[in-house]
Amino acid sequence: MRPTPETEDSLATLDFAKGGGLLPAVVQHADDGSVLMVGWMDLDAARETLRRGRVVFWSRSKGRLWEKGETSGNSLMVRSVCADCDRDTLLVQAMPSGPTCHTGTATCFGDDGGTATPGTFLSELETLITTRLREAPEGSYTARLASQGVKRIAQKVGEEGVETALAATGGGREELVSESADLLYHLLVLLRVKDIPLAEVERELARRHASRQSANSGAG
């Protein structure tokens with residue numbers, strides 16, 4: 001059973017008193033489940049997080065509200081905010097717009113930290129692609145490809161699809177892995193340019209799987 005997301009009205013029922021006016025807020029990657037960072041929120045920070053749609057903390061060192069990314073640009077875009085059973089801890093699911101840690105790593109627990117499951121590098125790559133599209137740094141292949149438009153990106157996906165198929169039928173294992181990586185990368189770029197998150201594709205796959213499972217179980 002999924003927890004009920006908090007609203008501005010429900011925030012007043014959180015147990016801020018237990019922590020002297022502050023609650024720990026665990027920020028989790030909304031797609032891959034990795035723990036990005038842990039911060040503190042007072043009631044105003046929690047309200048601003050919901051209002052802005054970006055994670056806002058109470059900074060104990062600055063003594064004020066602090067929006068993650070206000071100087072670096074690496075914001076955390078909020079998907080949901082939920083309290084635990086005792087209502088004294090918050091779980092924030094968010095999408096990072098760049099490295100979460102000030103050291104440049106994906107999480108404050110290092111690039112290999114958090115609780116991401118195997119295979120979630122695609123989510124990390126998606127985040128990196130999003131950053132390249134937004135910042136368009138000089139020399140970036142991703143940015144250069146995106147500047148050529150959707151048709152060119154779609155053409156590259158088609159080309160890589162053909163090369164992957166050829167590698168499967170006439171190439172070796174390493175060639176197939178390499179071509180598959182090229183295909184997945186270009187598909188991710190196409191999805192991001194069309195503003196379609198990878199998670200949406202995953203949900204469609206899960207929906208189809210559940211539908212087939214239901215049909216099979218009802219077949220007797």
(request) Working only within region 17-43, note down all residues that are within 20 Å of Thr71 (Cβ to Cβ) and not small (Gly, Ala, Ser). (result) Val27, Leu36, Met37, Val38, Trp40, Met41
(message) Under 8 Å between Cβ atoms, which residue pairs at least 6 apart in sequence (or on different chains) link something in region 56-67 that is free of Cβ contacts under 8 Å to residues at least 40 places away in the same chain and of a type in the set (Phe, Trp, Tyr) with a partner that is assigned to a loop (DSSP other than H, G, I, E, B) and surrounded by 11 or more Cβ atoms within 10 Å (Cβ to Cβ)?
(response) Phe57/Lys68; Trp58/Leu22; Trp58/Asp42
(message) more than 11 Å from Val27 (Cβ to Cβ) and among the aromatic types (Phe, Trp, Tyr): which single residue out of Phe57, Phe109 fits that description?
(response) Phe109
(request) Please indicate, with yes or no, whether at least one residue in region 33-42 is modelled with pLDDT of 90 or more, over 30 Å from Ile196 (Cβ atoms) and in a loop (DSSP other than H, G, I, E, B). (result) yes
(request) Considering each residue of region 159-177, count those that are at pLDDT 95 or above and under 26 Å from the mean Cα position of the chain (by Cα), and give that number. (result) 2
(message) Which condition from (1) of a type outside the set (Phe, Trp, Tyr); (2) surrounded by 11 or more Cβ atoms within 10 Å (Cβ to Cβ); (3) modelled with pLDDT of 95 or more is the one that Ile196 breaks?
(response) (3)
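In the list Glu135, Glu124, which residue meets the criterion of being surrounded by 15 or more Cβ atoms within 10 Å (Cβ to Cβ) and charged (D, E, K, R)?
Numbers: Glu135 fails: surrounded by 15 or more Cβ atoms within 10 Å (Cβ to Cβ).
The conditions single out Glu124.
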(message) Taking the conditions exactly as written (at pLDDT 95 or above, farther than 30 Å from Ser147 by Cβ and in the same structural domain as Thr131 (by TED's automatic domain parsing)), does Ala206 satisfy them or not?
(response) no
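Of the residues Ala25, Ala30, only one is aliphatic (A, V, I, L, M) and either touching a Phe, Trp or Tyr at 6+ places or on another chain (Cβ under 9 Å) or free of Cβ contacts under 8 Å to residues at least 12 places away in the same chain (or both); which?
Numbers: Ala30 fails: either touching a Phe, Trp or Tyr at 6+ places or on another chain (Cβ under 9 Å) or free of Cβ contacts under 8 Å to residues at least 12 places away in the same chain (or both).
Ala25 is the lone residue from the list that is aliphatic (A, V, I, L, M) and either touching a Phe, Trp or Tyr at 6+ places or on another chain (Cβ under 9 Å) or free of Cβ contacts under 8 Å to residues at least 12 places away in the same chain (or both).
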(request) Return the residue satisfying two criteria in turn: it lies in region 80-100 and is out of contact with any helix residue (DSSP H, G or I) (no Cβ under 6 Å at 6 or more places or on another chain) and farther than 19 Å from Leu14 by Cα, and of such residues it is surrounded by the most Cβ atoms within 10 Å (Cβ to Cβ). (result) Thr100
(request) Inspect all residues belonging to region 67-88 and state whether any of them is within 26 Å of Ala136 (Cβ to Cβ), in contact with a strand residue (DSSP E or B) (Cβ under 8 Å, 6 or more places away or on another chain) and among the hydroxyl-bearing types (Ser, Thr, Tyr). (result) yes
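The values are calculated or read from the model by the stated rules, or taken from the named source; none is laboratory data. Only a predicted model underlies this, so the values are computations on that prediction, with no experimental measurement involved. Neighbour counts run over all protein chains shown; Cβ positions are idealised from the backbone, glycine included.
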